[in-house]
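Here is the structure we will look at, set down as structure tokens.
The values are calculated or read from the model by the stated rules, or taken from the named source; none is laboratory data. Please read all numbers here as calculations on a predicted model, not as lab measurements. Note that each Cβ is placed from the backbone with ideal geometry, even for glycine, and that neighbours are counted across all protein chains shown. When the accessible area is computed, the model is the full protein with side chains, heavy atoms only, and any ligands, DNA or RNA have been set aside. Shrake-Rupley method; radii C 1.70, N 1.55, O 1.52, S 1.80 Å.
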Amino acid sequence: MAASGVGVKDECYTAYQDLKLGRKLKYIIYKISDNLKEVEVEKTGEGADYDEFLSDLPQDNCRYAVYDFEYTNEEGGKRSKIVFYTWSPDVARIKMKMIYAATKEAIKKKLDGIYVEIQCTDLAEASYETVLEKVNRKIHCWSSKNTRDFCGKKIRVSNNENERSLTALVIVIKIKVQKITLNMDLLIEKKISNYKDDKKKVYSLLQVVYFT
């Protein structure tokens, strides 16, 4: 339960799994119940239209949302990332802004696999172009900062000696079978205890593209 005393309904996680794993949903909008007891699902959408998603955000009240954000990378490939939104318009009541701010971490903890968070007070801050810029900024940060060559790929290794666990993200493994190239996106989560920049150990345990 959050510091605000607001809980999170199980339906929030169930709907998120439908979006993340089942690919049944394109977006989910969450609200805090009228009695201020729980975060609940207000609406889900299956359509791919981003403007439709934005139109479902209320003009005068706060919300949380997740969106399966699709974009084209620099190589022309189609990609998608899960984006978490904290919607807090300027005209919303101050009390509701405070409750939503105090409850945010409780809902986020239920939603594993979020790539980037967008905090927005108006539609301009939630626009497709703004979100795309933040997604690309994080990708470029990963690919340029603290990188090493590994099996022809770029990896990012943390320099934080206090870090005790890593999530290994393995992406786009190409396997040629009978002259057919198969692209498989794999997500592998492993916990590495007592991690202290032991790069050789990390390299031997995991074949990775990025560490996050």
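Looking across the stretch 48-101, not a single residue is more than 24 Å from residue 113 (Cα to Cα) and among the aromatic types (Phe, Trp, Tyr). For the stretch 69-88, a residue qualifies if it is assigned to a strand (DSSP E or B), surrounded by fewer than 17 Cβ atoms within 10 Å (Cβ to Cβ) and either out of contact with any Asp or Glu (no Cβ under 9 Å at 6 or more places or on another chain) or at positive phi (or both), and the qualifying residues are 70, 71, 72. Residues that are touching a helix residue (DSSP H, G or I) at 6+ places or on another chain (Cβ under 7 Å) and in a loop (DSSP other than H, G, I, E, B) within the stretch 1-20 comprise 1, 2, 3, 4, 6, listed in sequence order.
Tally the residues that are aliphatic (A, V, I, L, M), more than 16 Å from the chain's Cα centre (by Cα) and buried (at least 18 other Cβ atoms within 10 Å of the Cβ), restricting the search to the stretch 3-46.
4
Annotation note: Cβ proximity below 6 Å between a residue of the stretch 89-118 that is open to solvent by less than 40 Å² (accessible area, probe 1.4 Å) and a residue that is assigned to a helix (DSSP H, G or I) and of a type outside the set (A, V, I, L, M) (sequence gap 6+ or interchain) occurs for 111/16; 116/134; 116/138.
Residues being within 13 Å of the chain's Cα centre (by Cα) and hydrophobic (A, V, I, L, M, F, W, C) are entirely absent from the stretch 47-63.
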